[in-house]
Amino acid sequence: MKGFAMKKIGETGWVEKEIPACGPLDAIVKPLAVAICTSDIHTIAGAIGDRKDMILGHEVCGEVYEVGSLVKDFKKGDRVLVTAITPDWSTVEAQAGYSMHSGGMLNGWKFSNVKDGVFSEYFHVNDADGNLALLPEGMDPIDACMISDMVPTGFHGAELADIQYGDTVLVIGIGPVGLMGVAGAALRGASRIIAVGTRPKCVEVAKIYGANEFISYKNGPIDEQVLKMTNGKGVDKVIIAGGGVETFSEAVKSLKAGGKIGNVNYLGEGDNVLIPRIEWGVGMGHKAIFGGLMPGGRLRAEKLGSLVSSGRLNVRHLITHVYEGWDQLPEAVKIMGEKPADLIKPVVRLEK
Ligand code: NDP
Ligand code: ZN
(Lines give C-alpha, C1' and ligand atoms only; values in the text may rest on other atoms or scores of the structure.)
(Ligands and ions follow the chains in the order given, each with its own letter.)
Protein backbone atom coordinates (compact mmCIF):
# COMPACT_ATOMS: atom_id res chain seq x y z
CA MET A 1 0.00 0.00 0.00
CA LYS A 2 1.09 3.60 -0.39
CA GLY A 3 1.08 6.17 2.37
CA PHE A 4 2.02 9.81 2.80
CA ALA A 5 4.77 10.00 5.38
CA MET A 6 7.11 12.14 7.39
CA LYS A 7 10.43 10.91 5.96
CA LYS A 8 12.41 12.82 8.59
CA ILE A 9 12.03 16.18 10.37
CA GLY A 10 10.91 18.75 7.81
CA GLU A 11 10.51 16.29 4.92
CA THR A 12 7.41 14.50 3.63
CA GLY A 13 6.71 12.16 0.73
CA TRP A 14 5.02 8.95 -0.44
CA VAL A 15 6.21 5.59 0.89
CA GLU A 16 5.33 1.97 0.08
CA LYS A 17 4.56 -0.36 3.00
CA GLU A 18 2.89 -3.69 3.74
CA ILE A 19 -0.80 -3.57 4.72
CA PRO A 20 -0.72 -3.70 8.55
CA ALA A 21 -1.45 -7.01 10.27
CA CYS A 22 -4.76 -7.32 12.12
CA GLY A 23 -4.58 -8.66 15.71
CA PRO A 24 -7.57 -10.48 17.26
CA LEU A 25 -9.05 -7.30 18.78
CA ASP A 26 -8.12 -4.96 15.94
CA ALA A 27 -9.46 -3.68 12.65
CA ILE A 28 -7.89 -2.66 9.36
CA VAL A 29 -9.73 0.27 7.81
CA LYS A 30 -9.65 2.00 4.40
CA PRO A 31 -10.08 5.78 4.46
CA LEU A 32 -13.12 7.32 2.76
CA ALA A 33 -11.90 10.83 3.64
CA VAL A 34 -9.08 12.35 5.68
CA ALA A 35 -8.45 15.80 7.17
CA ILE A 36 -5.16 17.54 7.82
CA CYS A 37 -4.44 18.84 11.32
CA THR A 38 -2.22 21.55 12.74
CA SER A 39 -0.74 18.72 14.82
CA ASP A 40 0.46 17.02 11.57
CA ILE A 41 2.33 20.23 10.79
CA HIS A 42 3.83 20.34 14.33
CA THR A 43 4.85 16.68 13.92
CA ILE A 44 6.56 17.27 10.55
CA ALA A 45 8.41 20.21 12.12
CA GLY A 46 9.81 17.90 14.81
CA ALA A 47 7.63 18.68 17.86
CA ILE A 48 7.57 15.00 18.95
CA GLY A 49 11.10 14.24 17.74
CA ASP A 50 12.35 12.58 14.60
CA ARG A 51 10.49 9.80 12.82
CA LYS A 52 11.63 7.86 9.75
CA ASP A 53 9.03 7.18 7.05
CA MET A 54 6.16 7.38 9.53
CA ILE A 55 2.78 7.69 7.80
CA LEU A 56 1.05 10.91 8.89
CA GLY A 57 -2.56 11.67 9.75
CA HIS A 58 -5.11 10.93 12.48
CA GLU A 59 -8.35 12.52 11.22
CA VAL A 60 -10.34 10.09 9.13
CA CYS A 61 -13.60 8.41 8.26
CA GLY A 62 -13.28 4.95 6.80
CA GLU A 63 -14.66 1.59 5.75
CA VAL A 64 -13.74 -1.56 7.63
CA TYR A 65 -11.60 -3.89 5.49
CA GLU A 66 -10.82 -6.60 8.05
CA VAL A 67 -11.60 -7.33 11.69
CA GLY A 68 -9.83 -9.59 14.18
CA SER A 69 -11.40 -12.85 15.43
CA LEU A 70 -12.44 -11.34 18.79
CA VAL A 71 -14.10 -8.17 17.43
CA LYS A 72 -17.81 -8.36 18.26
CA ASP A 73 -19.60 -5.30 16.91
CA PHE A 74 -17.98 -4.42 13.58
CA LYS A 75 -17.54 -6.27 10.29
CA LYS A 76 -16.00 -5.81 6.88
CA GLY A 77 -17.83 -3.08 4.92
CA ASP A 78 -19.03 -1.06 7.93
CA ARG A 79 -18.51 2.67 7.46
CA VAL A 80 -16.99 4.07 10.61
CA LEU A 81 -15.99 7.11 12.63
CA VAL A 82 -12.48 6.75 14.07
CA THR A 83 -11.18 9.01 16.82
CA ALA A 84 -7.67 10.44 16.63
CA ILE A 85 -6.95 9.03 20.08
CA THR A 86 -7.43 5.25 20.26
CA PRO A 87 -6.95 4.14 23.88
CA ASP A 88 -6.22 0.66 25.19
CA TRP A 89 -9.47 0.28 27.08
CA SER A 90 -8.34 -2.51 29.40
CA THR A 91 -5.57 -0.47 31.06
CA VAL A 92 -5.74 0.87 34.62
CA GLU A 93 -5.39 4.43 33.33
CA ALA A 94 -8.54 3.96 31.25
CA GLN A 95 -10.27 2.47 34.30
CA ALA A 96 -9.24 5.58 36.25
CA GLY A 97 -10.99 7.78 33.67
CA TYR A 98 -7.90 8.83 31.73
CA SER A 99 -8.15 6.65 28.67
CA MET A 100 -6.05 9.09 26.62
CA HIS A 101 -3.14 8.21 28.93
CA SER A 102 -3.69 4.45 28.70
CA GLY A 103 -0.33 2.74 29.17
CA GLY A 104 1.47 6.01 30.00
CA MET A 105 1.13 9.76 29.51
CA LEU A 106 -0.36 10.59 26.08
CA ASN A 107 -0.13 6.90 25.00
CA GLY A 108 -3.71 6.86 23.75
CA TRP A 109 -2.28 8.94 20.90
CA LYS A 110 -1.02 6.26 18.55
CA PHE A 111 -1.66 7.38 14.96
CA SER A 112 1.32 9.18 13.52
CA ASN A 113 3.10 9.09 16.86
CA VAL A 114 3.97 5.53 17.91
CA LYS A 115 2.65 3.84 14.76
CA ASP A 116 1.67 4.76 11.23
CA GLY A 117 -1.23 7.15 10.82
CA VAL A 118 -4.22 7.21 8.50
CA PHE A 119 -2.87 8.89 5.33
CA SER A 120 -2.55 5.52 3.62
CA GLU A 121 -4.69 3.08 1.69
CA TYR A 122 -5.17 0.95 4.82
CA PHE A 123 -4.57 1.70 8.48
CA HIS A 124 -4.66 -0.24 11.74
CA VAL A 125 -7.06 0.46 14.64
CA ASN A 126 -6.33 -1.15 18.02
CA ASP A 127 -9.22 -2.29 20.22
CA ALA A 128 -11.77 -1.96 17.42
CA ASP A 129 -14.88 -2.46 19.59
CA GLY A 130 -13.70 0.39 21.83
CA ASN A 131 -12.42 2.76 19.17
CA LEU A 132 -14.75 2.58 16.17
CA ALA A 133 -18.30 3.89 15.90
CA LEU A 134 -20.75 3.37 13.05
CA LEU A 135 -21.02 6.35 10.72
CA PRO A 136 -24.44 7.89 11.35
CA GLU A 137 -26.89 7.36 8.50
CA GLY A 138 -26.50 10.01 5.82
CA MET A 139 -23.40 11.66 7.29
CA ASP A 140 -20.87 12.79 4.71
CA PRO A 141 -17.40 11.30 5.38
CA ILE A 142 -15.78 14.75 5.15
CA ASP A 143 -18.00 15.95 8.01
CA ALA A 144 -17.23 12.74 9.90
CA CYS A 145 -13.50 13.60 9.79
CA MET A 146 -14.24 16.58 12.08
CA ILE A 147 -15.42 14.10 14.74
CA SER A 148 -11.97 12.45 14.82
CA ASP A 149 -10.27 15.38 16.49
CA MET A 150 -11.59 18.94 16.04
CA VAL A 151 -14.92 18.45 17.79
CA PRO A 152 -13.65 16.26 20.67
CA THR A 153 -10.60 18.47 21.25
CA GLY A 154 -12.42 21.82 21.25
CA PHE A 155 -15.20 20.33 23.38
CA HIS A 156 -12.63 18.92 25.79
CA GLY A 157 -11.34 22.47 26.25
CA ALA A 158 -14.88 23.45 27.28
CA GLU A 159 -15.06 20.44 29.61
CA LEU A 160 -11.68 21.14 31.20
CA ALA A 161 -12.64 24.78 31.76
CA ASP A 162 -15.85 23.48 33.35
CA ILE A 163 -18.13 25.95 31.54
CA GLN A 164 -21.38 26.58 33.44
CA TYR A 165 -24.63 28.33 32.44
CA GLY A 166 -24.12 32.07 32.23
CA ASP A 167 -20.32 32.02 32.34
CA THR A 168 -18.25 34.66 30.61
CA VAL A 169 -15.69 32.67 28.63
CA LEU A 170 -12.48 33.69 26.91
CA VAL A 171 -11.44 31.42 24.03
CA ILE A 172 -7.81 32.02 23.08
CA GLY A 173 -7.27 30.85 19.51
CA ILE A 174 -10.02 30.36 16.95
CA GLY A 175 -8.48 27.98 14.49
CA PRO A 176 -10.66 24.88 14.06
CA VAL A 177 -9.95 23.66 17.60
CA GLY A 178 -10.79 27.00 19.22
CA LEU A 179 -13.89 27.27 17.03
CA MET A 180 -15.08 23.98 18.49
CA GLY A 181 -14.17 25.41 21.91
CA VAL A 182 -16.52 28.30 21.14
CA ALA A 183 -19.25 25.89 19.99
CA GLY A 184 -18.74 23.71 23.09
CA ALA A 185 -18.89 26.74 25.41
CA ALA A 186 -22.09 27.92 23.75
CA LEU A 187 -23.68 24.45 24.01
CA ARG A 188 -22.75 24.34 27.71
CA GLY A 189 -24.53 27.65 28.32
CA ALA A 190 -21.92 30.42 28.27
CA SER A 191 -23.56 33.85 28.18
CA ARG A 192 -20.66 35.83 26.80
CA ILE A 193 -17.87 34.42 24.66
CA ILE A 194 -14.84 36.58 23.94
CA ALA A 195 -12.69 35.08 21.18
CA VAL A 196 -9.03 35.76 20.39
CA GLY A 197 -7.80 35.46 16.81
CA THR A 198 -7.25 37.53 13.68
CA ARG A 199 -7.93 35.50 10.53
CA PRO A 200 -11.16 37.01 9.09
CA LYS A 201 -12.61 33.67 8.03
CA CYS A 202 -12.14 32.30 11.56
CA VAL A 203 -13.74 35.41 13.08
CA GLU A 204 -16.72 35.02 10.73
CA VAL A 205 -17.18 31.36 11.68
CA ALA A 206 -16.63 32.04 15.40
CA LYS A 207 -19.65 34.36 15.27
CA ILE A 208 -21.73 31.55 13.78
CA TYR A 209 -20.67 29.22 16.60
CA GLY A 210 -21.54 31.76 19.29
CA ALA A 211 -18.66 34.21 19.94
CA ASN A 212 -19.98 37.69 20.80
CA GLU A 213 -16.80 39.74 21.06
CA PHE A 214 -13.30 39.61 19.60
CA ILE A 215 -9.77 40.49 20.61
CA SER A 216 -6.62 40.54 18.50
CA TYR A 217 -3.53 39.32 20.35
CA LYS A 218 -1.64 41.59 17.94
CA ASN A 219 -3.14 44.66 19.65
CA GLY A 220 -1.34 44.11 22.96
CA PRO A 221 -1.59 41.69 25.89
CA ILE A 222 -4.84 39.71 25.88
CA ASP A 223 -5.40 40.21 29.62
CA GLU A 224 -5.25 44.00 29.37
CA GLN A 225 -7.91 43.92 26.65
CA VAL A 226 -10.06 41.44 28.60
CA LEU A 227 -9.93 43.47 31.82
CA LYS A 228 -10.94 46.57 29.90
CA MET A 229 -13.91 44.76 28.33
CA THR A 230 -15.07 43.34 31.67
CA ASN A 231 -14.71 46.48 33.82
CA GLY A 232 -11.64 45.05 35.51
CA LYS A 233 -13.46 41.88 36.64
CA GLY A 234 -12.03 39.30 34.25
CA VAL A 235 -13.69 36.17 32.91
CA ASP A 236 -15.04 33.06 34.64
CA LYS A 237 -13.35 30.55 32.36
CA VAL A 238 -10.65 30.38 29.69
CA ILE A 239 -10.21 27.85 26.90
CA ILE A 240 -6.72 27.91 25.37
CA ALA A 241 -6.51 26.67 21.77
CA GLY A 242 -3.68 28.81 20.42
CA GLY A 243 -0.64 30.83 21.38
CA GLY A 244 2.37 29.44 23.23
CA VAL A 245 3.87 29.01 26.69
CA GLU A 246 3.47 32.75 27.32
CA THR A 247 -0.30 32.50 26.78
CA PHE A 248 -0.80 30.91 30.22
CA SER A 249 0.34 34.10 31.89
CA GLU A 250 -2.23 36.09 29.89
CA ALA A 251 -4.92 33.52 30.70
CA VAL A 252 -4.24 33.60 34.45
CA LYS A 253 -4.30 37.40 34.43
CA SER A 254 -7.62 37.40 32.52
CA LEU A 255 -9.32 35.11 35.02
CA LYS A 256 -11.42 35.90 38.09
CA ALA A 257 -10.49 34.26 41.41
CA GLY A 258 -11.93 30.75 41.38
CA GLY A 259 -11.77 30.60 37.60
CA LYS A 260 -10.65 27.67 35.48
CA ILE A 261 -8.44 27.32 32.45
CA GLY A 262 -8.85 24.43 30.01
CA ASN A 263 -5.87 24.10 27.70
CA VAL A 264 -5.95 21.91 24.60
CA ASN A 265 -3.16 23.70 22.78
CA TYR A 266 -0.17 21.54 21.85
CA LEU A 267 2.88 23.31 23.21
CA GLY A 268 5.41 22.66 20.50
CA GLU A 269 8.13 24.97 21.84
CA GLY A 270 9.52 26.43 25.05
CA ASP A 271 10.65 24.78 28.28
CA ASN A 272 8.44 26.27 30.97
CA VAL A 273 4.94 27.66 31.37
CA LEU A 274 5.03 30.83 33.44
CA ILE A 275 2.34 31.40 36.04
CA PRO A 276 2.29 35.02 37.28
CA ARG A 277 2.63 34.99 41.08
CA ILE A 278 0.55 38.07 41.96
CA GLU A 279 -2.33 37.37 39.57
CA TRP A 280 -2.37 33.74 40.68
CA GLY A 281 -3.41 35.13 44.05
CA VAL A 282 0.14 34.67 45.41
CA GLY A 283 -0.62 30.97 45.17
CA MET A 284 -4.05 31.22 46.79
CA GLY A 285 -6.37 32.50 44.05
CA HIS A 286 -8.13 29.19 43.32
CA LYS A 287 -7.32 29.64 39.66
CA ALA A 288 -7.12 26.12 38.27
CA ILE A 289 -5.19 25.17 35.16
CA PHE A 290 -6.05 21.94 33.35
CA GLY A 291 -4.46 20.72 30.15
CA GLY A 292 -5.61 17.63 28.33
CA LEU A 293 -5.32 15.43 25.32
CA MET A 294 -8.77 14.78 23.84
CA PRO A 295 -10.71 11.73 24.97
CA GLY A 296 -11.18 9.25 22.15
CA GLY A 297 -13.13 6.06 21.76
CA ARG A 298 -16.45 4.72 20.63
CA LEU A 299 -18.83 6.26 23.18
CA ARG A 300 -17.48 9.75 22.61
CA ALA A 301 -17.60 9.29 18.81
CA GLU A 302 -21.18 7.97 18.97
CA LYS A 303 -22.32 10.91 21.10
CA LEU A 304 -20.57 13.54 19.00
CA GLY A 305 -21.86 11.80 15.88
CA SER A 306 -25.41 12.16 17.25
CA LEU A 307 -24.81 15.82 18.01
CA VAL A 308 -23.81 16.41 14.40
CA SER A 309 -26.44 14.20 12.76
CA SER A 310 -29.20 15.74 14.90
CA GLY A 311 -28.31 19.13 13.44
CA ARG A 312 -27.31 20.70 16.78
CA LEU A 313 -23.73 21.08 15.63
CA ASN A 314 -22.91 21.94 12.02
CA VAL A 315 -19.27 21.06 11.40
CA ARG A 316 -19.38 22.05 7.74
CA HIS A 317 -18.42 25.66 8.61
CA LEU A 318 -14.96 24.33 9.51
CA ILE A 319 -14.32 22.80 6.09
CA THR A 320 -12.98 25.49 3.78
CA HIS A 321 -10.86 23.44 1.35
CA VAL A 322 -12.02 20.15 -0.19
CA TYR A 323 -9.57 18.11 -2.28
CA GLU A 324 -10.34 14.95 -4.27
CA GLY A 325 -8.22 11.80 -4.35
CA TRP A 326 -4.86 10.69 -2.97
CA ASP A 327 -2.94 12.72 -5.53
CA GLN A 328 -4.12 15.93 -3.90
CA LEU A 329 -3.15 14.95 -0.36
CA PRO A 330 0.34 16.55 -0.50
CA GLU A 331 -1.25 19.83 -1.60
CA ALA A 332 -3.72 19.67 1.31
CA VAL A 333 -0.85 19.11 3.77
CA LYS A 334 1.11 21.96 2.22
CA ILE A 335 -1.76 24.44 2.50
CA MET A 336 -2.31 23.48 6.15
CA GLY A 337 1.32 24.45 6.78
CA GLU A 338 0.88 27.76 5.02
CA LYS A 339 -2.48 28.66 6.65
CA PRO A 340 -3.73 31.22 4.16
CA ALA A 341 -6.26 33.71 5.51
CA ASP A 342 -9.29 31.87 4.11
CA LEU A 343 -8.32 28.43 5.45
CA ILE A 344 -9.80 26.67 8.43
CA LYS A 345 -9.68 22.98 7.61
CA PRO A 346 -8.57 21.14 4.46
CA VAL A 347 -10.08 17.71 3.79
CA VAL A 348 -9.44 15.11 1.11
CA ARG A 349 -12.33 13.02 -0.18
CA LEU A 350 -11.05 9.62 -1.26
CA GLU A 351 -14.19 7.65 -2.11
CA LYS A 352 -17.81 8.58 -2.62
P1 NDP B 1 -4.59 27.09 14.35
O2 NDP B 1 -3.15 27.35 14.13
O3 NDP B 1 -5.49 26.99 13.17
O4 NDP B 1 -5.18 28.21 15.30
C5 NDP B 1 -4.45 28.83 16.29
C6 NDP B 1 -5.21 30.04 16.78
O7 NDP B 1 -4.41 30.69 17.77
C8 NDP B 1 -5.49 31.07 15.71
O9 NDP B 1 -6.75 31.65 15.93
C10 NDP B 1 -4.40 32.09 15.93
O11 NDP B 1 -4.77 33.40 15.51
C12 NDP B 1 -4.28 32.06 17.44
N13 NDP B 1 -2.99 32.57 17.94
C14 NDP B 1 -1.78 32.50 17.34
N15 NDP B 1 -0.84 33.08 18.11
C16 NDP B 1 -1.48 33.53 19.21
C17 NDP B 1 -1.06 34.22 20.37
N18 NDP B 1 0.21 34.56 20.57
N19 NDP B 1 -1.97 34.51 21.31
C20 NDP B 1 -3.25 34.13 21.14
N21 NDP B 1 -3.73 33.49 20.07
C22 NDP B 1 -2.84 33.19 19.11
O23 NDP B 1 -4.64 25.75 15.22
P24 NDP B 1 -5.77 24.64 15.43
O25 NDP B 1 -7.04 25.26 15.82
O26 NDP B 1 -5.77 23.70 14.29
O27 NDP B 1 -5.14 23.86 16.68
C28 NDP B 1 -4.93 24.53 17.90
C29 NDP B 1 -3.98 23.74 18.75
O30 NDP B 1 -4.59 22.55 19.24
C31 NDP B 1 -2.74 23.27 18.00
O32 NDP B 1 -1.61 23.49 18.85
C33 NDP B 1 -2.99 21.82 17.80
O34 NDP B 1 -1.78 21.09 17.63
C35 NDP B 1 -3.67 21.49 19.10
N36 NDP B 1 -4.39 20.22 19.14
C37 NDP B 1 -4.54 19.63 20.36
C38 NDP B 1 -5.21 18.43 20.50
C39 NDP B 1 -5.47 17.86 21.85
O40 NDP B 1 -5.95 16.71 21.94
N41 NDP B 1 -5.24 18.56 22.94
C42 NDP B 1 -5.72 17.74 19.32
C43 NDP B 1 -5.63 18.51 18.11
C44 NDP B 1 -4.95 19.68 18.01
P45 NDP B 1 -4.79 33.90 13.96
O46 NDP B 1 -6.25 34.05 13.67
O47 NDP B 1 -4.06 35.17 14.00
O48 NDP B 1 -4.13 32.84 13.13
ZN1 ZN C 1 -5.85 16.56 14.59
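For region 54-84, a residue qualifies if it is in a loop (DSSP other than H, G, I, E, B), under 16 Å from residue 297 (Cβ atoms) and touching a Pro at 6+ places or on another chain (Cβ under 7 Å), and exactly one does: 83. Number of residues in region 21-50 that are open to solvent by 10 Å² or more (accessible area, probe 1.4 Å) and within 16 Å of ligand 1 (Cβ to nearest atom): the value is 10. The residue list 133, 144 contains one member that is more than 16 Å from ligand 2 (Cβ to nearest atom) and either in a loop (DSSP other than H, G, I, E, B) or not hydroxyl-bearing (Ser, Thr, Tyr) (or both), which is 133. Restricting attention to region 303-321 and to residues that are basic (Lys, Arg) and touching a residue at least 60 places away in the same chain (Cβ under 8 Å), the residue that is least open to solvent (accessible area, probe 1.4 Å) turns out to be 316.
This table checks each residue for (1) surrounded by fewer than 17 Cβ atoms within 10 Å (Cβ to Cβ); (2) in contact with a Leu (Cβ under 6 Å, 6 or more places away or on another chain); (3) modelled with pLDDT under 95.
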residue: 131; (1), (2), (3): no, no, no
residue: 137; (1), (2), (3): yes, no, no
residue: 141; (1), (2), (3): no, yes, no
residue: 172; (1), (2), (3): no, no, no
residue: 214; (1), (2), (3): no, no, no
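Can you find even one residue in region 52-65 that is at negative phi, open to solvent by 20 Å² or more (accessible area, probe 1.4 Å) and of a type in the set (Gly, Ala, Ser)? Looking for residues that are at negative phi, open to solvent by 20 Å² or more (accessible area, probe 1.4 Å) and of a type in the set (Gly, Ala, Ser), one finds none in region 52-65, hence no.
In region 59-93, which residue that is closer than 19 Å to residue 110 by Cβ, touching a Gly at 6+ places or on another chain (Cβ under 8 Å) and not β-branched (Val, Ile, Thr) is farthest from ligand 2 (Cβ to nearest atom)? If we take residues in region 59-93 being closer than 19 Å to residue 110 by Cβ, touching a Gly at 6+ places or on another chain (Cβ under 8 Å) and not β-branched (Val, Ile, Thr), then 68 is farthest from ligand 2 (Cβ to nearest atom). Does residue 260 fit the bill of being free of Cβ contacts under 8 Å to residues at least 60 places away in the same chain and surrounded by 16 or more Cβ atoms within 10 Å (Cβ to Cβ)? It is false that residue 260 is free of Cβ contacts under 8 Å to residues at least 60 places away in the same chain and surrounded by 16 or more Cβ atoms within 10 Å (Cβ to Cβ).
Checked against the criterion of being away from ligand 1 (no atom under 16 Å from the Cβ), at pLDDT below 95, open to solvent by 60 Å² or more (accessible area, probe 1.4 Å) and at negative phi, the candidates 324, 351, 269 yield just one match: 351.
Consider only pairs whose beta carbons are under 8 Å apart and that are at least six residues apart or on different chains; among these, list those whose first residue lies in region 336-352 and is free of Cβ contacts under 8 Å to residues at least 12 places away in the same chain and outside the structural domain of residue 119 (by the TED database) and whose second residue is of a type in the set (A, V, I, L, M) and within 12 Å of ligand 1 (Cβ to nearest atom). From residues that are free of Cβ contacts under 8 Å to residues at least 12 places away in the same chain and outside the structural domain of residue 119 (by the TED database), there are no pairs.
The values are calculated or read from the model by the stated rules, or taken from the named source; none is laboratory data. The structure displayed is predicted, hence computed values, not measured ones. When we count neighbours, we look across all protein chains shown, and the Cβ atoms used for this are built from the backbone with ideal geometry, even at glycine. Each accessible area value is taken on the protein alone, full model and side chains, heavy atoms only, with ligands, DNA and RNA left out. Shrake-Rupley method; radii C 1.70, N 1.55, O 1.52, S 1.80 Å.
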